Amino acid sequence: MARQVLLLLAALAVCSGLEIRRPALGFNTWNAFYRDINETLVQQQANLMVSLGLRDVGFEYLVLDDCWAEKERPADGRLVGNKRTFPSGMKAMGEYIKGRGLKFGIYSDAGSLTCAKYPGSLGYEKEDADTFASWGVDYLKYDNCHARRDYWILDRYAAMRDALNATGRPIVYSLCQWGVMEAHLWGPKMGHSWRTTEDIRPTWDSVLKTLDYNVGLSRFAGSDVGWLDLDMLYVGNDTGLRLGEQRAHFALWSLYKSPLMIGHDLRDFPKQSLSILLSKEVIAVNQDDLGVPGDLIWRQGHKRIYAGPLAGGARAVVLANFQFAHPTAFQQCPRTNITVFWGQIGLQPGQRARVRDLYEERDLGEFVDSFTGSVEAHNVLALRVTPLNGPLDDGWRPWHGQPAYAAQAANVAVQRYEDWVPKSAPWRCMKAGGGDTVFQQPDPAKQPGCGGKDR
Ligand code: GAL
């Protein structure tokens with residue numbers, strides 16, 4: 001038995017020697033251009049990341065999403081860039097990006113084809129990882145389309161993880177499995193970030209839905225294991241979200257410590273949206289040294305409070321007014337007051353704290369016991385609350401003292417008994433051990449029920 005546990009743990013060795021102490025920030029081509037990408041366009045975006053000041057506030061990865069490759073994998077098995085749209089080749093593309101002081105990201109898929117039906121990496125993990133390393137790739141977004149049901153998702157993702165590790169090149173491994181199979185349970189063993197939801201859309205409903213899917217997940221992520229990926233940003237897309245909604249979207253993605261990937265054409269970027277992306281103090285919450293994601297800590301009707309701890313004992317707090325969107329409701333009730341009490345964010349009664357507005361970069365004053373902010377509909381107040389006296393405690397977590405979101409290790413451990421999992425499903429074999437959850441490779445000899453002998 002001991003040998004079996006050791007084997008399992010070895011198979012799940014945490015992703016690569018590459019430590020990602022902070023979520024990745026950058027630009028991804030998909031939401032801006034979908035299938036229509038080419039060398040000139042990517043060069044322009046790289047130049048704009050620099051000239052608009054985005055690189056200087058931390059957006060460093062430029063990720064080419066789907067549709068960069070030739071439609072057919074060449075006979076020697078080695079992927080090549082699309083000869084028509086990327087005539088200089090992918091290595092040259094990467095060199096151009098790096099020449100601007102940025103990092104080079106690329107996309108592939110853990111199936112036989114990508115979602116847009118370009119060659120996927122299933123069965124070619126080693127070849128593709130070697131190719132990416134030889135092109136100087138720094139970041140791989142790895143999608144989940146076109147895989148047969150009997151190819152177990154953990155095996156497919158582990159195969160690329162191991163191939164990337166074997167290249168010896170530090171490559172951020174970003175899992176794009178749309179949150180399936182409770183990725184927060186296995187993502188930490190597998191990659192540097194894992195998607196928690198289906199694709200985001202440029203609508204307020206989609207932003208809310210994404211946030212709601214993530215409630216309670218912050219405890220599974222952090223600088224020691226990796227990051228919840230709430231999907232790319234729709235900041236800048238002035239057709240979909242109002243400005244206040246974009247501010248809410250960016251502040252909360254930052255608080256959850258999601259990777260922040262810009263998804264709007266930089267050639268045509270509305271000024272006010274750009275100023276959201278350049279909000280250094282909001283980004284600082286995302287990149288904070290403590291590396292603990294925030295979460296929802298209170299909700300009543302349309303009022304919500306999200307919060308998380310920061311290095312040194314301060315708290316990031318987002319007061320959110322998510323009133324329903326009917327235009328009359330907006331007119332009749334354009335703002336509401338929301339109060340955060342120190343007890344809700346693990347500060348002491350009587351403690352004096354400075355409250356700062358992170359978007360405005362302005363101190364709002366010193367407060368004892370609580371702070372009340374007036375928040376516009378579909379907008380947020382993004383705050384930093386810094387205690388000025390008393391204990392400076394960065395051990396508080398969003399789930400402490402909140403019964404609805406409290407840690408429930410027991411529930412994690414018993415998932416293998418859940419009724420909806422068919423008897424023959426390989427993940428029936430999930431095993432819980434020592435507070436951690438580990439997984440067993442599916443073994444047909446043991447099906448159904450995984451009750452076979454130890455190997
Ligand atoms: C989806 C993925 C998107 C984008 C697209 C490309 O599966 O979630 O972010 O990468 O595929 O085809």
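The values are calculated or read from the model by the stated rules, or taken from the named source; none is laboratory data. Just so you know, these numbers come straight off a predicted model, no measurement behind them. Cβ sites come from the backbone with ideal geometry, for glycine too, and all protein chains shown count toward neighbours.
Restricting to segment 125-159, name every residue that is closer than 23 Å to residue 198 by Cβ, surrounded by 19 or more Cβ atoms within 10 Å (Cβ to Cβ) and away from the ligand (no atom under 15 Å from the Cβ). 154, 158 - these are the residues of segment 125-159 that are closer than 23 Å to residue 198 by Cβ, surrounded by 19 or more Cβ atoms within 10 Å (Cβ to Cβ) and away from the ligand (no atom under 15 Å from the Cβ).
Restricting attention to segment 160-179 and to residues that are over 21 Å from residue 231 (Cβ atoms) and hydrophobic (A, V, I, L, M, F, W, C), the residue that is surrounded by the fewest Cβ atoms within 10 Å (Cβ to Cβ) turns out to be 166. When restricted to residues that are within 23 Å of the chain's Cα centre (by Cα) and assigned to a loop (DSSP other than H, G, I, E, B), segment 121-135 contains 1. Here residue 110 meets each of (1) closer than 28 Å to residue 44 by Cβ; (2) touching a strand residue (DSSP E or B) at 6+ places or on another chain (Cβ under 8 Å); (3) among the small types (Gly, Ala, Ser); (4) within 14 Å of the ligand (Cβ to nearest atom) with one exception, condition (1). Annotation: of all residues in segment 7-45 being at pLDDT 95 or above, closer than 29 Å to residue 284 by Cβ and in a loop (DSSP other than H, G, I, E, B), the one that is nearest to the ligand (Cβ to nearest atom) is 29.
Considered as a group, the residues in segment 121-131 that are touching a residue at least 12 places away in the same chain (Cβ under 8 Å) and out of contact with any Lys or Arg (no Cβ under 8 Å at 6 or more places or on another chain) include one that is farthest from residue 170 (Cα to Cα), and that residue is 121.
Among the residues here, residue 224 does not qualify as assigned to a loop (DSSP other than H, G, I, E, B), at pLDDT below 95, within 27 Å of residue 333 (Cβ to Cβ) and acidic (Asp, Glu). Against the numbered list (1) farther than 30 Å from residue 236 by Cα; (2) within 16 Å of the ligand (Cβ to nearest atom); (3) surrounded by fewer than 20 Cβ atoms within 10 Å (Cβ to Cβ), residue 198 comes up short only at (1). Only residues that are touching a helix residue (DSSP H, G or I) at 6+ places or on another chain (Cβ under 7 Å) and more than 16 Å from the ligand (Cβ to nearest atom) were counted in segment 46-78, giving 11. What number of residues within segment 45-75 are more than 12 Å from residue 97 (Cβ to Cβ) and either in contact (Cβ under 8 Å) with a residue 60 or more places away in the chain or surrounded by fewer than 21 Cβ atoms within 10 Å (Cβ to Cβ) (or both)? Result for segment 45-75: 17. Selection of first residues in segment 186-208 that are under 20 Å from residue 140 (Cβ atoms) and of a type in the set (Val, Ile, Thr) and of second residues that are within 16 Å of the ligand (Cβ to nearest atom) and part of a strand (DSSP E or B), restricted to Cβ pairs under 7 Å at least 6 apart or on distinct chains, gives the following pairs, ordered by first then second residue: 196/228; 196/229. Remark: pairs (first residue in segment 364-377, modelled with pLDDT of 95 or more and outside any strand (DSSP E or B); second residue of a type in the set (Ser, Thr, Tyr) and surrounded by 15 or more Cβ atoms within 10 Å (Cβ to Cβ); Cβ separation under 7 Å; 6+ apart in sequence or on different chains) are absent.
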